[in-house]
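For reference, the structure is listed below as structure tokens.
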Amino acid sequence: MRIIAAKQLVDAGLAPEDLQRLKAWAAHPVWAESTGGVPIPELRITRGAYPPATQQAIGRYLDACQRERPDVRDVLIVALLSVLESVSYTRKDGQYLRWDYRSGRRQGKKAFDKGVIPSFEQAIGEKIQAMLQDIAPAQQQASLFPVERTAGAIHLHYGSCLEIMPRLESERYDALITSPPYCNRYDYTRTYALELALLGIEERGLTDLRQTMLSCTVENRAKDLARMNPSWQAALAVAEQHPLLQQIRGYLERLRLRGELNNAGIPRMVRGYFSEMACVIAESARVLKSNAPLFMVNDNVRYAGASVSVDMILSDFAEQLGFAVEKILVLPGGKGNSSQQMGAHGRDPLRKCVYIWRKR
């Protein structure tokens, strides 16, 4: 959201003095002149994420940002968010942050080495310069070769789709493009913990965010969807009565009761994911105009040897909730399985697809 908001500022046209100020930041480390520095917001899972010199430099950078005009500050914060991972001891790896051995943290038996960690001055300088190179050609082209075009207004809504979509006007939109979280146990609040911490999310806020987002991790608790929105009863019935999904859920629940799942929260997550996605699909049909298309990117998944055909299940939901399924495009290069899955159940490449549905 911060990236899109910053792009809106740039597209609207930065003031000449703001552009010059960004060029000054790209030319030399303005933050190094700061005699102070502010503490870097941290979470328990991000503590010790940066080399000491980098941590001090980020504190000075944040302190210097506070003295800039709002538009300059917003662009500089986006630049900072873009380099946090590269200058840290961490790397995003599926459902968690992998930590370099130099951080003092150990994960698993084999030490992880992410390679060269650039200095903060190098990383942020290159990022601001790259952003300026993106901004300048667009402004020059607009002045030298005017192109008549129309652009729709961008409205950013902060919150969960389960909260925002019911408030949108019915039959308003001409198309919908989405890539929702996959049913793959990835906890995005951990993967993006560095960025969330910098944006001021505290421990309680992180927990709340994890629970309000679409269920896709074993830590998600069951949501009372019928109470959240009584109009979702029909969508919830579609999910509860789907034959293949019932078989998958039954299989996973039997394994849970026998203690044969590597995490007991998997059945609850799978049930929550599909119930919530049914509600999202119902809301999508409501807000789209007649004959409008919906494009969705999603992955199939596998648990305890059972392949979950997310593409077929969600498309079945769609057909019962107001859509006609036009195509399911399978992307090249099937998604692999975890080493644990392959060791126990063999290799079974999974489909990654683009769904094309059209509102009837």
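Report the residue count in region 150-189 for those that are among the aliphatic types (A, V, I, L, M) and either closer than 18 Å to Val297 by Cα or modelled with pLDDT under 95 (or both).
7
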Read through the list (1) under 30 Å from Glu283 (Cα atoms); (2) open to solvent by less than 50 Å² (accessible area, probe 1.4 Å); (3) at pLDDT below 95, then give the number of the only condition that Ala136 fails. (1)
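Table: residues versus (1) under 12 Å from Ala278 (Cα atoms); (2) in contact (Cβ under 8 Å) with a residue 24 or more places away in the chain; (3) touching an Asp or Glu at 6+ places or on another chain (Cβ under 8 Å).
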residue: Arg210; (1), (2), (3): no, no, yes
residue: Met213; (1), (2), (3): no, yes, no
residue: Ala222; (1), (2), (3): no, yes, no
residue: Leu225; (1), (2), (3): yes, yes, yes
residue: Ala235; (1), (2), (3): yes, yes, no
residue: Pro243; (1), (2), (3): no, no, no
residue: Gln247; (1), (2), (3): no, no, no
residue: Leu255; (1), (2), (3): no, yes, no
residue: Gly265; (1), (2), (3): no, yes, yes
Yes/no for Leu97 being buried (at least 20 other Cβ atoms within 10 Å of the Cβ) and modelled with pLDDT of 95 or more: no
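Determine whether Ser170 is more than 16 Å from the chain's Cα centre (by Cα) and open to solvent by 50 Å² or more (accessible area, probe 1.4 Å).
On the way: more than 16 Å from the chain's Cα centre (by Cα): yes; open to solvent by 50 Å² or more (accessible area, probe 1.4 Å): yes.
So Ser170 passes the test.
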Against the conditions (1) out of contact with any Asp or Glu (no Cβ under 9 Å at 6 or more places or on another chain); (2) in a loop (DSSP other than H, G, I, E, B); (3) modelled with pLDDT of 90 or more, where does Val147 fall short? Just the number, please. (3)
Of the criteria (1) of a type in the set (S, T, N, Q); (2) farther than 22 Å from Gly36 by Cα; (3) at pLDDT 95 or above, which one Ser88 fails: (2)
Could you list, in sequence order, all residues of region 150-176 that are in a loop (DSSP other than H, G, I, E, B) and among the charged types (D, E, K, R)? Glu169, Glu171, Arg172, Asp174
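What do you reckon, is Asp63 in contact with an Asp or Glu (Cβ under 8 Å, 6 or more places away or on another chain), outside any loop (DSSP other than H, G, I, E, B) and open to solvent by 20 Å² or more (accessible area, probe 1.4 Å)? If you could, list the steps in order and put the result at the bottom.
Numbers: in contact with an Asp or Glu (Cβ under 8 Å, 6 or more places away or on another chain): no; outside any loop (DSSP other than H, G, I, E, B): yes; open to solvent by 20 Å² or more (accessible area, probe 1.4 Å): yes.
Answer is no for this residue.
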Selection status of Ile40, modelled with pLDDT of 95 or more and under 30 Å from Cys216 (Cβ atoms): no
So, Ala79, is that one without any contact (Cβ under 8 Å) to a residue 40 or more places away in the chain, assigned to a helix (DSSP H, G or I) and under 26 Å from Leu9 (Cβ atoms) or not? no
Members of region 42-68 found to be out of contact with any helix residue (DSSP H, G or I) (no Cβ under 6 Å at 6 or more places or on another chain) and closer than 30 Å to Gln8 by Cα, listed by number: Gln55, Ile58, Gly59, Leu62, Asp63, Gln66, Arg67, Glu68
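Which of the residues spanning region 7-50 are assigned to a loop (DSSP other than H, G, I, E, B) and of a type in the set (Val, Ile, Thr)?
Of all residues in region 7-50, those assigned to a loop (DSSP other than H, G, I, E, B) come to 13-15, 28-29, 34-43, 47-50.
Correct list: Thr35, Val38, Ile40.
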What pairs come out if I take residues in region 349-360 that are touching a residue at least 40 places away in the same chain (Cβ under 8 Å) and part of a strand (DSSP E or B) and pair them with residues that are among the β-branched types (Val, Ile, Thr) and open to solvent by 30 Å² or more (accessible area, probe 1.4 Å) whose C-beta lies under 6 Å away, six or more apart or interchain? Cys353/Ile328; Cys353/Val330; Val354/Val297; Tyr355/Ile328; Trp357/Val325
On the basis of being open to solvent by 30 Å² or more (accessible area, probe 1.4 Å) and either touching a helix residue (DSSP H, G or I) at 6+ places or on another chain (Cβ under 8 Å) or under 22 Å from Gly159 (Cα atoms) (or both), does Glu219 make the cut? yes
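The values are calculated or read from the model by the stated rules, or taken from the named source; none is laboratory data. Nothing here was measured: the structure is a model prediction, and the numbers come from that model. Heads up, the Cβs are rebuilt from the backbone with ideal geometry, glycines too, and the neighbour counts pull from every protein chain shown. The accessibility values were calculated without ligands, DNA or RNA, using every heavy atom of the protein model including side chains. Shrake-Rupley method; radii C 1.70, N 1.55, O 1.52, S 1.80 Å.
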